[in-house]
């Protein structure tokens with residue numbers, strides 16, 4: 001029986017990577033594979049899961065990893081004992097494929113892990129959800145306008161951004177350590193899977209540029225995210241008769257475009273309203289009257305109703321890989337208006353929305369008004385058809401299994 005081992009710091013399905021990992025594991029089980037999932041126990045405890053779980057480390061190792069990160073910029077270099085135990089478990093399982101999602105997250109020592117992976121002969125698939133694996137510190141660099149990762153990081157302008165270091169800037173050493181560890185993998189045993197063409201193009205200019213890249217975009221549940229009757233949610237939030245400009249984020253920040261929405265609010269007509277999902281209670285106090293803040297909801301059906309209600313989904317992100325919120329909006333028949341940022345543009349066509357210059361919040365509003373004048377009906381069916389053709393999670397997971405089979409056939 002074939003065996004799949006996946007690795008990610010979080011298991012819970014309220015996170016995108018945790019959900020993707022669990023759903024791939026469920027598909028493996030349905031196809032007759034054994035499925036194992038390794039994750040950071042100190043982050044998630046013990047969670048229900050159909051796959052066999054391998055909790056790595058615990059509360060104290062996670063806390064110590066946090067101390068090493070905050071004080072010494074040693075993210076990914078603590079948890080040594082926990083990682084050695086994990087390596088022994090990998091040897092006992094003897095998987096046919098190892099699929100890495102993220103290894104940052106206070107639970108693994110990447111030097112210990114890759115010393116084993118580089119010599120064990122097991123094919124590795126590594127899905128790239130952000131930029132951390134090829135920088136000396138940060139997980140995104142677009143907002144900071146930094147390109148040091150192309151030649152060698154130093155004097156990091158984002159030292160105090162996630163994973164924040166309060167004392168020491170170790171970015172030059174981190175860059176060298178990652179390069180040594182990750183490029184130790186034989187080129188025929190590692191396939192890197194960027195989730196956007198943008199990050200693939202970026203990585204090809206990094207120290208990993210000589211490896212095999214296969215873009216597999218993220219997928220979504222198109223049965224959950226579909227065109228809904230939005231009358232109930234409109235009534236619930238007092239939005240009946242309003243032209244709704246929707247924004248959704250798990251955490252709102254300058255990089256996600258919160259300031260851009262604030263500036264845009266000063267240009268709205270009386271019948272226009274901005275609705276932001278994911279706003280914290282303390283953030284609500286600072287919102288103008290024509291921005292409605294809604295707390296992050298785990299009710300995906302209500303979220304689908306909000307997507308369906310909106311005239312346009314606005315994504316003024318300044319740095320992003322391949323945001324699933326764009327896919328969810330389009331699947332609900334709502335066009336996307338976004339900045340020319342990273343992979344945020346890759347789901348946007350003439351039928352599914354508009355792309356404007358980064359920072360042009362007035363352009364975002366003008367595009368949304370074009371959508372309003374044309375009418376939702378102009379976009380709804382083309383958006384839905386595009387989502388069914390390209391965004392179905394079942395199709396994207398099938399891409400992974402084809403890749404697994406290809407790698408196993410190389411031996």
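Only the coordinates and a few stated rules stand behind these numbers; no lab work does. These figures come from a predicted structure and were not determined experimentally. Don't worry about glycine lacking a Cβ; one is built from the backbone with ideal geometry, like all the others, and counts go over all protein chains shown.
Quick look at the values:
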{"read-out": "Ranked 399, 269, 73, criterion: other C-beta atoms within 10 Å, fewest first", "value": "269, 399, 73"}
{"read-out": "Peptides ranked, highest mean first, by Cβ atoms within 10 Å: ranges 138-144, 179-185, 18-24", "value": "18-24, 138-144, 179-185"}
{"read-out": "Inter-site label distance for residue 388 and residue 180 at 7 Å from Cα along Cβ, in nm", "value": "5.4 nm"}
{"read-out": "Nearest-ten-degree value, helix 300-309 long axis tilted from longest Cα axis of the chain", "value": "40 degrees"}
{"read-out": "Alpha carbon Rg of the range 231-390, scaled by the compact-globule rule 2.2 N^0.38 Å", "value": "0.93"}
{"read-out": "Extension gain (nm, one decimal) between residue 94 and residue 262, 0.36 nm per residue minus Cα-Cα", "value": "55.2 nm"}
{"read-out": "Separation of the residue 204 and residue 399 label points, Cα + 7 Å toward Cβ, nm", "value": "1.6 nm"}
{"read-out": "Calculated Rg and Dmax of the range 351-411 using C-alpha coordinates, Å", "value": "18.7, 58"}
{"read-out": "Residues of the range 120-142 with amide N under 15 Å of a point placed 7 Å along Cα→Cβ from residue 168", "value": "137"}
{"read-out": "Using alpha-carbon coordinates, inclination of helix 393-409 to the longest axis of the chain, degrees", "value": "20 degrees"}
{"read-out": "Separation between Cα centres of the range 321-386 and the range 47-76, rounded to whole Å", "value": "38 Å"}
{"read-out": "Degrees, to the nearest 10: 80-93 long Cα axis against longest axis of the chain", "value": "80 degrees"}
{"read-out": "Förster radius 30 Å - calculated FRET efficiency between residue 67 and residue 236, Cβ distance, rounded to 0.05", "value": "0.10"}
{"read-out": "Between the range 92-158 and the range 159-180, the Cα center-to-center distance that results, in Å", "value": "13 Å"}
{"read-out": "Range of Cα positions in the chain per principal axis (Å), largest first", "value": "63, 49, 37"}
{"read-out": "53, 199 arranged by Cβ crowding within 10 Å, fewest neighbours leading", "value": "53, 199"}
{"read-out": "Value of D in µm² per second that Stokes-Einstein yields for the range 130-275, Kirkwood Rh from Cα pairs, at 4 °C (1.567 mPa s)", "value": "69 µm²/s"}
{"read-out": "Order of 402, 410 - criterion: other Cβ atoms within 10 Å of each residue's Cβ, fewest first", "value": "410, 402"}
{"read-out": "Sites residue 410 and residue 280, calculated FRET efficiency, Cβ-Cβ separation with R0 60 Å, nearest 0.05", "value": "0.80"}
{"read-out": "Normalised per residue, the volume of the convex hull around the Cα set of the range 319-377 (Å³)", "value": "68 Å³"}
{"read-out": "For the range 182-316: relative contact order, % (alpha-carbon pairs under 8 angstrom, 6 or more apart)", "value": "27 percent"}
{"read-out": "37 °C / 0.692 mPa s Stokes-Einstein diffusion coefficient of the range 55-162, Kirkwood radius on C-alpha pairs, µm²/s", "value": "217 µm²/s"}
{"read-out": "Helix-only mean residue ellipticity at 222 nm for the chain, each DSSP H run of n ≥ 4 adding -39500 (n - 2.57), per residue, nearest 500", "value": "-11500 deg cm²/dmol"}
